[in-house]
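Working notes for the structure below.
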Amino acid sequence: MSQRILIVGAGFAGMWSALAAARALDLAGRADGSIEIALVAPEPFLHVRPRFYEPVSAEMKAPLMPLFDAVGVRYVQGRVEAIRTGTSEVDVLADDGTRSTMAYDRLVLAAGSQLHRPQIAGLREHAFSVDQLDDAAILAAHMQSLASLPDSPARNTVVVAGGGFTGIETAAEMPARLRAILGEAAAVRVVVVEQAAALGPDLGPGPRPVIEQALAALGVSWRLGAAVTAVDADGVGTAAGERIASRTVIWTAGPRASPLTQQIPGARCRDGRLHVDRYLRVPGAERVFATGDAAYAATDDLGNHALMSCQHAMALGRNAGNNAAADLLGLPGLAYRQPKYVTCLDLGPWGAVYTEGWDRQVKMAGAEAKALKRMINTQWIYPPPADRAQALAAADPAKPVVA
Ligand SMILES: Cc1cc2nc3c(=O)[nH]c(=O)nc-3n(C[C@H](O)[C@H](O)[C@H](O)COP(=O)(O)OP(=O)(O)OC[C@H]3O[C@@H](n4cnc5c(N)ncnc54)[C@H](O)[C@@H]3O)c2cc1C
């Protein structure tokens, strides 16, 4: 009877897990069908989440079926609803309503993360987001509909709630997106509302002057120390007592790991990520690996940990798939290490800022950094060609994402 490596999720981590598992079987001379690699996800497409603050386009999802066919990964349409680590099984609900149970010999949980929407009055009903492709499409349609409304401060204003990485990138895009819809003469206004005392609180002081300079040049303003307390169809209230009239409030604060992480026994962070060992196994959950945004993994011996980022999800994916296959074959795995950390933050028409190191020292800013960001967002994070040899070579877990 054949054995099965089951991967949950077709994001950056899931796709690279599948390719790396296929590579490991190939290298071991076991690509003979005796071990199946199955991947369950709602769609056989890579959703390119880092681009979701842009106007929605067809390029925001990349097809995976030709790639999976080329390397021998079986795609299973559906959502995993339940994971039973005791019996090594998952329950899958397909779009046509069919329910099935799949057994696994090794499980790789790569179900990613979702935006957390806290209990703030009106937030769930009225705030938009750029978290998933559907959210980006709903926001784009709403923004387009603003053109049919009479001119007003609320129509012309976008409030971005949360001044972290995603909030800054989103805010930097909004003046141009609003003008494209409302006309160059419209009195557009974009306000970032951040509860911390500084923009980009998690980004540290390194890139902050560049971010502030760029946002100011784009006409974006910000409120600090001002948590959003209520949202309605016509604006937001803040903890500072301010009311900002806006038809478009975009919530960007705080991703949480997939709720499936709660079905795996093990230690978790407050954001839901499962603690994993150096091989990305979940201690206490036999045969289970977690990866990408679902995993909390040490990147080095200095106390740094992977972030919910593409950069980490790609490397974590390659390691998890490789190690799940190696574990099943009784071969040694490869310890996950990703000591080099960079950020490239899009700052809209102003440019971008590129930093290196965990203290985020600015190495590039403006147009030069923007060219790099474009390369990352339109090429580097996309799937490899649907060619078996090229795809397996690209899935080498020893190959750094950032050299
Ligand atoms: C607007 C925005 C901008 C960003 N910018 C950057 C950036 O500039 N740089 C950067 O490094 N990172 C950025 N990120 C973060 C990055 O997109 C994530 O860290 C990355 O997508 C994580 O990859 P993942 O594979 O772990 O999860 P995801 O990409 O979330 O993929 C999860 C997969 O699991 C599937 N899935 C979920 N639930 C189930 C289920 N129950 N059953 C089966 N399948 C399931 C999903 O459909 C999807 O296929 C950004 C994110 C956003 C939203």
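All of the numbers you see were taken from the coordinates with simple rules; none came from a lab. Note that the coordinates shown come from a computational prediction; the quantities given were computed from them, not determined experimentally. Reconstructed Cβ throughout: ideal geometry from the backbone, glycine too, with neighbour counts over all protein chains shown.
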Six or more apart or on different chains, Cβ atoms under 7 Å: show the pairs whose first residue is in segment 326-352 and more than 18 Å from T378 (Cα to Cα) and whose second is among the aromatic types (F, W, Y) and within 13 Å of the ligand (Cβ to nearest atom). none
(1) within 22 Å of L123 (Cβ to Cβ); (2) touching a Phe, Trp or Tyr at 6+ places or on another chain (Cβ under 9 Å): which one isn't true of E212, the others all being true? (1)
Could you tell me whether A24 is touching a Pro at 6+ places or on another chain (Cβ under 6 Å) and away from the ligand (no atom under 11 Å from the Cβ)? no
Give segment 151-160 a look and list any residue that's surrounded by 19 or more Cβ atoms within 10 Å (Cβ to Cβ) and over 23 Å from V48 (Cβ atoms), or say none. R155, N156, T157, V159
Residue by residue through segment 97-124, note down the ones that are in contact (Cβ under 8 Å) with a residue 24 or more places away in the chain and part of a helix (DSSP H, G or I). L123
Filter pass, D131 being within 21 Å of G292 (Cα to Cα) and outside any strand (DSSP E or B): yes
Being over 30 Å from R268 (Cα atoms) and assigned to a loop (DSSP other than H, G, I, E, B) narrows D69, D32, D26 down to just D32
Every residue from segment 166-189 that is of a type in the set (A, V, I, L, M) and within 16 Å of the ligand (Cβ to nearest atom): I168, A171, A172, M174
Given the conditions (1) part of a helix (DSSP H, G or I); (2) β-branched (V, I, T); (3) more than 20 Å from R49 (Cα to Cα), report the number of the one that I138 does not fulfil. (3)
Of the numbered conditions (1) within 16 Å of the ligand (Cβ to nearest atom); (2) more than 30 Å from S34 (Cβ to Cβ), S152 fails exactly one; give the number of that condition. (1)
Which residue is nearest to the ligand (Cβ to nearest atom), if the candidates are limited to segment 107-130 and must be within 30 Å of A285 (Cβ to Cβ) and buried (at least 21 other Cβ atoms within 10 Å of the Cβ)? G112
Kindly indicate whether L39 is within 13 Å of the ligand (Cβ to nearest atom) and under 23 Å from A257 (Cβ atoms). yes
Subset of segment 344-368, residues closer than 17 Å to V401 by Cβ and of a type in the set (D, E), comes to E356
Is there a residue in segment 287-300 that is in contact with a Pro (Cβ under 8 Å, 6 or more places away or on another chain) and of a type in the set (A, V, I, L, M, F, W, C)? no
State all residues of segment 147-167 that are among the aliphatic types (A, V, I, L, M) and not in a loop (DSSP other than H, G, I, E, B); if no residue qualifies, say none. A147, A154, V158, V159, V160, A161
Pairs, first more than 19 Å from A161 (Cβ to Cβ) in segment 44-56, second more than 6 Å from the ligand (Cβ to nearest atom) and of a type in the set (S, T, N, Q), C-beta under 6 Å, six or more apart: P50/N377; R51/N377
